[in-house]
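Read through the structure below, which is laid out as structure tokens, and then see the notes.
Every number here is computed from the coordinates shown, using simple stated rules; none is lab data. Everything numeric here is computed off the predicted structure, so don't read it as measured data. Here Cβ is always computed from backbone atoms with ideal geometry, including for glycine, and neighbour counts include all displayed protein chains.
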Amino acid sequence: MLEITHLGKTYGSGDRETRAVGDVNLTVTEGELVCVVGPSGCGKTTLLKCVGGLLRPTTGEVTLHGRRVSGPPEEMALVFQDYSRSLMPWTSVRNNVLLPLRHKKLPRADRSRLVEEAVDAVGLTRFIDHYPWQLSGGMQQRVAIARALAYQPSILLMDEPFASVDAQTRGDLEDLVLSVRGQYGVTILFVTHDIDESVYLADRIAVLTHAPTEVKELIAVDLPSPRDQIATKELAEFARLRAHVYRLIKRERPAPGDLEAEEALAAAHPES
Amino acid sequence: MSARAWRVAKVVAEIAVPAGILIAWQLWTASAHQARFPRLSTILVQFRKMWLFSQFNEHVVPSLERIGAGFGIAVVVGIALGVPLGLSPRARRAAMPHIEYWRAMPPPALLPISIILVHSIANRQKIAFIAFFCIFPVLLNTIDGIRGIDPTLVETARSYGVPWHERIRRIVLPAAFPQIVAGMRNSLALAVIMMVLSEYFSSTSGVGYVLLISKNTFQLVPMWAAIVLIGVLGYVLNLLFLLVERRVLAWHRGWRAALPD
Amino acid sequence: MTSTVLRRAASVADALLPVLSVAAALGLWEVISRTGVIAARDLPAMSTCVRALWHLVETGAFWHELLLTVRGWALGLGVATVLAVPIGIVLGSSDLAGRAFRVPIEFLRPIPSAALIPLLFLTLGTNLKSEVFLTAFGAFWPLLVQTMYGVRDVDPVALDTARSFRLGPFERLYRVTLPSTIPYIATGMRISSTVSLILAFTAELFMGIPGLGQAVNIAQAFGLTDQLYALALATGFLGVAIHLVSTAAERRALRWHPSQRQVAS
């Protein structure tokens, strides 16, 4: 349903030119959960913004359901990493989740129902009339997810949504993603730099090179469903997949001077 | 001194110092016997006689009307212009020379011109004068407030296909609101000053007019009563505004408190 | 290739935008006045006013008046600074003193200085003393408040560190508190600069004290509309000049300060 063909994005001009995304090709089928992993600074966010219609690609194109993406498509929802900056602090959780639905032609009763169901799906019914800043980081990210779900997209793009959340909360949120995917049947394109997370969640993993980004390898993840934070991660197959992805990324030597990428890699996997 | 003694001392000081100043003022003016500095008690008596309520309708109401109308127009125009200027860098570039010039212009320089252009010294001249200069604090703060909006918020709305007019109504304006309110507060204080200036310069009614007339006829106690009234007016309007602001921006305080330092 | 040319053209157009906008406004003024949309008697043509301004600039009297206004502005601002900064430091440093004087400051601060004109008229008279008093009174409050904020905002960790290095109270004031307060004082001076100019002009206009304000008064009294507009334009430019200088000074003072400063006014 989602086709990314020869996608490239270049910033600037002349000798200040930066090729963030080089040549990305990827197809996502209906109902899939595809994880996109790559070293930090490899243009993942740029890629996602192009796919989401927020940036115009320099080369190539993105089609959703056969139609070219030239602006944010109606059937797509985005969840960013900076949840606290994407929520409106002046109004309640309910109104935050309601925002994308306001311009859709739906009767008011239906809108309320969608909002309440989505908030319930992420387990925040008790806090529906609170201000977002009264909630913890993990809960705020749930609000962002509920907002995306209430919108009833056919595809969900998530840009490192759990990177700013503590490890234990991250596990809960990962399971939440899997459960809403099952409940709502939505296709998900999930960007992360956490290798464990990518293997845990994915049906398929796209491993990226460093900038200018391309798809280095597509890996099918054959782990049993439903996934479990403990049982799944004890499986030998999990370890094998994890190691494989890790090696692919480690072999991605960062561009000279790209200290940030090196440091990020080192920080993510200190045992290496 | 112990902590408790310090706390008591602070409370005592907070009451004693203002009271002390008032007492000192009374004592000094009583003993100085200067016509130009009448006793505080005399001023207060005159204050009550004039403003509560015999000359209230005649002078205080017109002054308040002018402040209200001028301020109101300034807020509407300031926000209406500030939104497109805040959103469009190109529009800002074009408007900048004009804004920078007029905001730096000392208002009294335009008093005679305002009378000439409006052909009168009636209410509309004063309201126009007040409104014109009170636009700038609101305008500038609106522009700053909009420029400072977190782009993540706007991008999120864009990604959900929220149309531009809804984006402005539901995201841009609320997000810039705290800054706009700060501009409004400054604008209100400015409106009081502009009112006094324009009435003192040319008017047939109003608190500034009373100030002028009583000076010209050497009625010193009414003159002082007018000065005190102007001070009280400035203080009370500011206080009322702060009370409204506190209620309306409660979410903002909570949000800022919750932000990690 | 063409896209670079287009981009270059667009950036040139952008740079010219302010100039074009001013030219358009001036042109509009000329048209409005010449075609009588607003009577030329009320709004002299732009060209007429500019010519009048040019005449002014060529006469020594105008520059003399300008300097008088600048003198009033400077003296008022200076007196205000000399008083507000030390008092602000004292009130900001001592919680007791700050609280004791909170109510009087809150009450006196919003008083429009213009209300004092008649009083000054009758006491100090219509001379430079009145102008300086009025100007200083108005400029005092923003500076005081900003200085107090600055002192209160000093990083307690920095002060504790200084104390742990056994720096005495005056040294702490000089080496930690003051440098940290300077950006706030600079902001206060920017605000007070504007207030000071307005009040200097006001004093001259209303009390007939020599300066640009009085020149405006005379022009109005004699019905010299061209002159009136020219003086207003000139005063505007003076205001812009002072604003630019004080903003530049503020920016310089703020260079090293973390961007979380709090502007009171």
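Tell me, how many Å apart are the Cα centres for segment A:180-242 and for segment A:106-137?
28
Just to verify a number: FRET efficiency for A:R111 and A:T63, C-beta to C-beta distance, R0 = 25 Å, to 0.05?
Working: r = 30 Å, r/R0 = 1.18.
The calculated FRET efficiency here is 0.25.
With a point put 7 Å past each Cα toward its Cβ, work out how far A:K250 is from B:E166 in nm, to one decimal.
Calculated label separation equals 4.9 nm.
Once you compute Rg and the Kirkwood Rh from C-alpha atoms, what is the Rg to Rh ratio for segment C:59-117?
Values: Rg = 16.8 Å, Rh = 14.1 Å.
When Rh is taken as the Kirkwood radius, the ratio is 1.19.
What are the residues whose amide H is under 5 Å from the amide H of A:V21, where those residues sit 5 or more places off or on another chain and H is modelled from the backbone?
Result for A:V21 returns A:K9, A:T213.
Given R₀ = 45 Å, FRET efficiency for C:F237-B:N123 by Cβ-Cβ distance, to 0.05? Intermediate results must be reported in sequence, preceding the final value.
Working: r = 31 Å, r/R0 = 0.69.
With a Förster radius of 45 Å, E is 0.90.
Report, in degrees rounded to the nearest 10, the 0 to 90 angle that the Cα long axis of helix B:220-248 makes with the longest principal axis of chain B.
Helix B:220-248 sits roughly 30 degrees off the main axis of chain B.
Select from B:A182, B:V12, B:L40 the residue farthest towards the positive end of the dipole of chain B; place +1 on Cβ of Lys and Arg, -1 on Cβ of Asp and Glu, and compute about the Cα centre.
Ranked along the dipole, the leading option is B:V12.
Angle check, please: helix B:207-216 long axis (alpha carbons) against the longest principal axis of chain B (alpha carbons), in degrees 0 to 90, nearest 10.
Relative to chain B, helix B:207-216 is tipped by roughly 30 degrees.
Just need the relative contact order of chain A here, percent rounded to a whole number, with Cα pairs under 8 Å and 6+ apart.
Values: 499 pairs, mean separation 69.2, N = 272.
In percent, rounded to a whole number, it is 25.
How far apart, in nm, are two points set 7 Å out from the Cα along the Cα-to-Cβ line at B:R36 and at C:V90?
Here the modelled spin labels are 2.6 nm apart.
Output wanted: per-residue J couplings in Hz (rounded whole) for segment C:126-132, from phi through Karplus 6.51 cos²θ - 1.76 cosθ + 1.60, θ = phi - 60°, x for Gly and Pro.
Values per residue, Gly and Pro as x: 9, 8, 4, 4, 4, 4, 5 Hz.
Full-extension gain between B:L52 and B:L242, please, as 0.36 nm times their residue separation minus the C-alpha to C-alpha distance. Could the numbers behind the result be given before it?
On the way: separation 190, 0.36 × 190 = 68.40 nm, distance 2.47 nm.
The span from B:L52 to B:L242 would gain 65.9 nm if fully extended.
On full extension of the chain, what length is gained from C:L26 through C:I218, given 0.36 nm per residue of separation minus the C-alpha to C-alpha distance? Each step should come with its number before you reach the end.
Working: separation 192, 0.36 × 192 = 69.12 nm, distance 2.63 nm.
Contour length minus Cα-Cα distance gives 66.5 nm.
In whole Hz, what ³J(HN,Hα) sequence does segment A:34-39 give by Karplus (6.51, -1.76, 1.60; θ = phi - 60°), x for Gly and Pro?
Taking θ as phi minus 60°, the curve returns 9, 9, 10, 10, x, x Hz for segment A:34-39.
Express the Stokes-Einstein translational diffusion coefficient of segment B:33-83 in µm² s⁻¹, to the nearest whole number, given a Kirkwood radius over alpha-carbon pairs, 4 °C and a viscosity of 1.567 mPa s. Could the numbers behind the result be given before it?
Details: Rh = 13.7 Å.
Estimated via Stokes-Einstein, D reaches 94 µm²/s.
Would you mind telling me which residue in C:A100, C:A25, C:A215 has the biggest mean-square fluctuation in a Gaussian network model of chain C, where springs connect alpha carbons within a distance under 10 angstrom?
Of the options given, C:A25 has the highest mean-square fluctuation.
Towards the positive end of the charge dipole of segment B:39-258, with charges on Cβ (+1 Lys, Arg; -1 Asp, Glu), say which of B:L243, B:V60, B:Y101 has the farthest Cα.
B:L243
For segment A:17-109, what is the convex hull volume of its Cα atoms per residue in Å³?
161
List every residue whose amide H lies under 5 Å from the amide H of A:E32, counting only residues 5 or more places away in sequence or on a different chain, with H placed 1.01 Å from N in the peptide plane.
Under 5 Å from the amide H of A:E32 lie the amide H atoms of A:I188, each far enough along the sequence or on another chain.
With a cut-off of 18 Å, note down the residues of segment C:101-117 whose backbone N falls inside the zone around a label point 7 Å from the Cα of B:L22 toward its beta carbon.
C:101-111
First select every other residue whose beta carbon is under 13 angstrom from the beta carbon of B:F71; then total the charges, Lys and Arg +1, Asp and Glu -1.
Working: positive: B:R66, B:K126, B:R185; negative: B:E65.
Result for the neighbourhood of B:F71: +2.
Rounded to the nearest 10 degrees, what's the angle between the helix C:2-34 long axis and the longest principal axis of chain C, both from Cα atoms, 0 to 90?
Between helix and principal axis, roughly 70 degrees.
So if I place +1 on the C-beta of Lys and Arg and -1 on the C-beta of Asp and Glu, and nothing else carries charge, what would the dipole magnitude of segment C:49-253 be about its Cα centre? I want it in debye, nearest 20.
Numbers: 14 positive and 12 negative charges, 111 e Å.
Charge dipole of segment C:49-253: 540 debye, to the nearest 20.
What is the pair-distance distribution P(r) of the protein assembly as shown, computed from all Cα-Cα distances in 10 Å bins starting at 0, with each bin given as a whole percent?
Taking all Cα pairs of the protein assembly as shown, the binned fractions are 2, 11, 18, 19, 16, 14, 11, 6, 2, 0, 0 percent.
Would you kindly compute the Cα radius of gyration of chain A and its largest Cα-Cα separation (Dmax), both in Å?
According to the Cα coordinates of chain A, Rg and Dmax are 18.6, 57 Å.
Placing +1 at every Lys and Arg Cβ and -1 at every Asp and Glu Cβ, with all other atoms neutral, what dipole size does chain A have around its Cα centre, in debye to the nearest 20?
Details: 31 positive and 37 negative charges, 182 e Å.
It works out to roughly 880 debye.
Using Cβ counts within 10 Å as a stand-in for footprinting exposure, how do B:R92, C:R8 rank, fewest first? Mind showing how you got there, number by number?
Working: B:R92 17, C:R8 10.
So the residues, fewest neighbours to most, are C:R8, B:R92.
Per the Kirkwood definition applied to all pairs of different Cα atoms, how many angstroms is the hydrodynamic radius of segment B:39-258?
On the way: mean 1/r = 0.0518 Å⁻¹.
Every distinct Cα pair counted, the radius reaches 19.3 Å.
Place a +1 charge on the Cβ of each Lys and Arg in the protein assembly as shown and a -1 charge on the Cβ of each Asp and Glu, then give the dipole magnitude about the Cα centre in debye, rounded to the nearest 20.
On the way: 76 positive and 63 negative charges, 479 e Å.
Its charge dipole is roughly 2300 debye.
Label C:A10 and C:W54 with points 7 Å out from Cα along Cα→Cβ: what is the distance between them in nm?
Here the modelled spin labels are 4.0 nm apart.
Hey, got the average number of other protein chain Cβ atoms within 10 angstrom for residues in B:10-22?
On the way: counts 6, 2, 2, 8, 7, 2, 1, 7, 8, 1, 2, 5, 1.
If you average over the peptide's residues, the count of other-chain Cβ atoms is 4.
With a sphere of radius 15 Å drawn around the Cβ of C:V50, what net charge do the other residues whose Cβ falls strictly inside it have (Lys, Arg +1; Asp, Glu -1)? It would help to have the intermediate numbers written out before the result.
Working: positive: C:R34, C:R51; negative: C:E30, C:E58, C:D226.
Around C:V50, the surrounding residues sum to -1.
By count of other Cβ within 10 Å, fewest leading, how are C:E30, A:E217 ordered? Write down the numbers at each step before the final one.
Numbers: C:E30 16, A:E217 12.
Listed from fewest to most nearby Cβ atoms, that is A:E217, C:E30.
Evaluated at 4 °C with a viscosity of 1.567 mPa s, what Stokes-Einstein diffusion coefficient in µm²/s does chain C have when Rh comes from the Kirkwood expression over alpha-carbon pairs?
On the way: Rh = 21.6 Å.
Approximately 60 µm²/s, per Stokes-Einstein.
Rounded to whole Å and sorted largest first, list the principal axis extents of the Cα atoms in segment C:1-43.
Largest first, segment C:1-43 extends 55, 14, 8 Å along its Cα principal axes.
Send over the per residue convex hull volume for segment B:79-144, Cα only, as a whole number of Å³.
Per residue, the Cα convex hull of segment B:79-144 comes to 86 Å³.
Can you list the HN-Hα couplings for segment B:103-113, worked out from phi with the Karplus curve (6.51, -1.76, 1.60; θ = phi - 60°), rounded to whole Hz and with x for Gly and Pro?
6, 8, 5, x, x, x, 4, 9, 4, x, 5
Hey, fewest Cβ within 10 Å first, where do B:K49, A:K105 land in order? If you can, show how the numbers build up before the last one.
On the way: B:K49 14, A:K105 4.
Sorted ascending by nearby Cβ count, the order is A:K105, B:K49.
Report the net charge of residues surrounding A:R68, where surrounding means a beta-carbon distance below 15 angstrom and charges are Lys +1, Arg +1, Asp -1, Glu -1. Kindly include the intermediate steps, with their values, before the conclusion.
Numbers: positive: A:R56, A:R67; negative: A:E3, A:E61, A:E74, A:E75.
Computed value for this residue: -2.
Charges on Cβ only, +1 for Lys and Arg, -1 for Asp and Glu, centred on the Cα centroid of chain C; of C:G239, C:G60, C:L159, which one is farthest towards the dipole's positive end?
C:L159
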